[in-house]
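Just so it is clear, none of the values below were taken in a lab; they were calculated from the coordinates. Because the structure is predicted, anything quoted here is derived from the model rather than measured. Glycine also receives a Cβ, built like all others from the backbone with ideal geometry; neighbour counts cover every protein chain displayed.
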Amino acid sequence: MDETKTVTFDAFAPALSFTRDGVSTPLFADDYAIRVNRPASTTNAKVLLLHLHNAVGDQAEVLTANAVQPTLALRSGSKASVGGSWKVGRTITAKPGEWNASGVTFTYQWSRGGTAIPGATKATYTTTTKDVGQRLTVTVTAKKSGYTSGTTTALSGRIYK
């Protein structure tokens, strides 16, 4: 069903909006681009642009706005870390840091000398004699539906006997 509304606006500062399921959100025009704020569940939308000062017949344009997945990233000032005892046979633990979204899940990969340690894919790792003299790294991968995964790496202390 079509609906007609009367609107008052300032021709020098046009207000644009995007409506989905009866809910309008503002659009902002800057640098010749229009940013569409939309729920994460919306993967694309059509936007009607009205060119008020163009010639008759060239006043409306329908654009398709495709969603760009946001990327998971560490919050400013946050970092992944490794804690525990650096002694052989002890367990060290990776802490993923704080990320820019809630509900994020994490996977881990521990490495020795730049090479992934087979089977070392949990937040915790128990050091072995192969680790003596080495500083281990853990790569943390953050995942969430609707986002591009993010990764960060943390370094342990030097492992000793």
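Worth a mention:
- 14 Å beta-carbon shell around Leu155, net charge (K/R +1, D/E -1): +4
- Members of Lys130/Lys161; Lys95/Lys130; Lys79/Lys130; Lys87/Lys130; Lys122/Lys143 lying beyond 18 Å, as alpha-carbon distances in this model show: Lys95/Lys130; Lys79/Lys130
- Neighbour-limited loop hits for trypsin sites (Lys or Arg not before Pro), the range 94-160 (at most 15 other Cβ within 10 Å; DSSP other than H, G, I, E, B): Lys122
- Check: the range 81-158 dipole with +1 on Lys, Arg Cβ and -1 on Asp, Glu Cβ, in debye: 200 debye
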